[in-house]
Each structure stands twice: as structure tokens, then as C-alpha cells.
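The values are calculated or read from the model by the stated rules, or taken from the named source; none is laboratory data. Remember, it's a predicted structure, so these values are computed and weren't measured experimentally. Heads up, the Cβs are rebuilt from the backbone with ideal geometry, glycines too, and the neighbour counts pull from every protein chain shown.
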Amino acid sequence: MSVVVTAVAPFTSEQYDAVTDRVMPGGELPEGCQLHVAGPVAEGFRVITIWESADTFHEFRQQKLLPAIQEVTGQGASPAIQPQVDPVHRLITS
């Protein structure tokens, strides 16, 4: 079942871009990711993604995302970055 993942990361735009360049080289979505949307908010960057399954997201997070965050920020993912994973009821695209 597809899931929507939302998170707010306390990143600058430079940090967001650097992490994204590492996990989505050339702007290509990772395997199993169907959509990626991000934009600045007061707390940093809000990221919304759609994944083919929660397991696919969690595997990506552990194997690629968290190491990229560590590399860019010099620290592990902040406890403040708590992704929310919810089932997708409907996805409509153009």
C-alpha cells in the first residue's frame, strides 16, 4: 500500500539541496518513491513524499537518507525530524 511521508527538517536551503543531491542524484527519484515535494517553512524545510510502501521508505531512510544527513550536517538526524507515515487513500496527478 502506498504511503505519504511528511517531515519538517531544520535545514537551510543549502543543506536541503546538498542532502537531496546525495540521495536523488540528477534529480532522479529513489526506487519506490513516486513523488517528492519540498519547500521552506519557518522551521526549515517541509518534505512530502509518496512511497510504494512504508517498508520501502524505511529502507531508503536507513540506508541512504540518514547517512546523507550525517555527511551534510556532521550529525545524525535530529530527534526533531520525525517523519509521519500515513496510508494514501487517493493520489491524483495531471
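Residues being of a type in the set (A, V, I, L, M) and in a strand (DSSP E or B) are represented in segment 80-90 by at least one member.
Give segment 68-79 a look and list any residue that's in a helix (DSSP H, G or I) and either among the small types (Gly, Ala, Ser) or in contact with a helix residue (DSSP H, G or I) (Cβ under 8 Å, 6 or more places away or on another chain) (or both), or say none. Answer for segment 68-79, where residues must be in a helix (DSSP H, G or I) and either among the small types (Gly, Ala, Ser) or in contact with a helix residue (DSSP H, G or I) (Cβ under 8 Å, 6 or more places away or on another chain) (or both): 68, 69, 71, 72, 73. Checking each residue in segment 6-15 for being under 10 Å from the mean Cα position of the chain (by Cα) and surrounded by 16 or more Cβ atoms within 10 Å (Cβ to Cβ) picks out 7, 8, 9. Among the residues in segment 24-34, are any more than 13 Å from the chain's Cα centre (by Cα), on the phi < 0 side of the Ramachandran plot, in a strand (DSSP E or B) and in contact (Cβ under 8 Å) with a residue 12 or more places away in the chain? Within segment 24-34, not a single residue is more than 13 Å from the chain's Cα centre (by Cα), on the phi < 0 side of the Ramachandran plot, in a strand (DSSP E or B) and in contact (Cβ under 8 Å) with a residue 12 or more places away in the chain. Please verify whether segment 5-14 includes one or more residues that are of a type in the set (D, E, K, R) and in contact (Cβ under 8 Å) with a residue 40 or more places away in the chain. Checking segment 5-14: not a single residue is of a type in the set (D, E, K, R) and in contact (Cβ under 8 Å) with a residue 40 or more places away in the chain.
In segment 21-66, of all residues being out of contact with any strand residue (DSSP E or B) (no Cβ under 6 Å at 6 or more places or on another chain) and of a type in the set (Ser, Thr, Tyr), the one that is surrounded by the fewest Cβ atoms within 10 Å (Cβ to Cβ) corresponds to 53.
Against the list (1) outside any strand (DSSP E or B); (2) closer than 21 Å to residue 18 by Cβ; (3) modelled with pLDDT of 95 or more; (4) hydroxyl-bearing (Ser, Thr, Tyr), the condition residue 49 fails is (1). Put simply, of 86, 55 the only residue that is over 16 Å from residue 10 (Cα atoms), more than 12 Å from the chain's Cα centre (by Cα) and without any contact (Cβ under 8 Å) to a residue 12 or more places away in the chain is 55.
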